[in-house]
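Asks: This is the structure I want to talk about, given as structure tokens.
The values are calculated or read from the model by the stated rules, or taken from the named source; none is laboratory data. The structure presented is a predicted model; accordingly, all values stated were derived computationally and were not measured. FYI the Cβ positions are ideal-geometry reconstructions off the backbone, even for glycines, and counts take in every protein chain you see. Areas reflect the complete protein model, heavy atoms only, side chains present, ligands, DNA and RNA absent. Shrake-Rupley method; radii C 1.70, N 1.55, O 1.52, S 1.80 Å.
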Amino acid sequence: WDPTTKEAINEIERSQKYAVRLYLNDWKIHYPAALTKTGWTSLYARRKQLKLVQFFKLYHGVHDFYNARFIHTTDAGRRISPKRPPEKHHLEVPTWRTKSFMQRFIYSGIIEWNKLDVNFLYDGLAVFRKYIFGTPFPYDF
């Protein structure tokens, strides 16, 4: 449901490009302008936003999934990688042997999680959702 290759992302996004132009009945409008006009988000951005919300639930134990297997903790808090600055919310990125592992939720979720601003990670789910859905993601697919 969350492709990583540009070809696969563009293939999925093409369906929304068609739908937004059909909805507006304007076949010459550029895709970002059409999204702005309708108030829609791109499928790429929506997948990223929903992934981060699910990862927030997993990280804080709100999700009904047992997270200790994937998110390792120590007495001092979350385990961090010694290779990067010690920020409380950073998680260690698991090593992978195949490219298909990069498509897994836990791997891509940790990558996106480590990019987030720490100010919104501990104020509760409602504040986090407001931050995530209010943050424009670039059309870098």
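Asks: Determine, yes or no, whether Y18 is farther than 23 Å from F133 by Cβ and modelled with pLDDT of 85 or more.
Replies: So Y18 passes the test.
Asks: Still on this model: How many residues, within the stretch 21-49, are at pLDDT 90 or above, open to solvent by 80 Å² or more (accessible area, probe 1.4 Å), part of a helix (DSSP H, G or I) and not hydroxyl-bearing (S, T, Y)?
Replies: Summing the residues that are at pLDDT 90 or above, open to solvent by 80 Å² or more (accessible area, probe 1.4 Å), part of a helix (DSSP H, G or I) and not hydroxyl-bearing (S, T, Y) in the stretch 21-49 gives 2.
Asks: Just one of L52, L91 is at pLDDT 60 or above and assigned to a loop (DSSP other than H, G, I, E, B); which is it?
Replies: L91
Asks: Take the residues in the stretch 96-125 that are open to solvent by 80 Å² or more (accessible area, probe 1.4 Å), modelled with pLDDT of 75 or more and not acidic (D, E), then tell me which one is farthest from L43 (Cα to Cα).
Replies: By that ranking, first place goes to R97.
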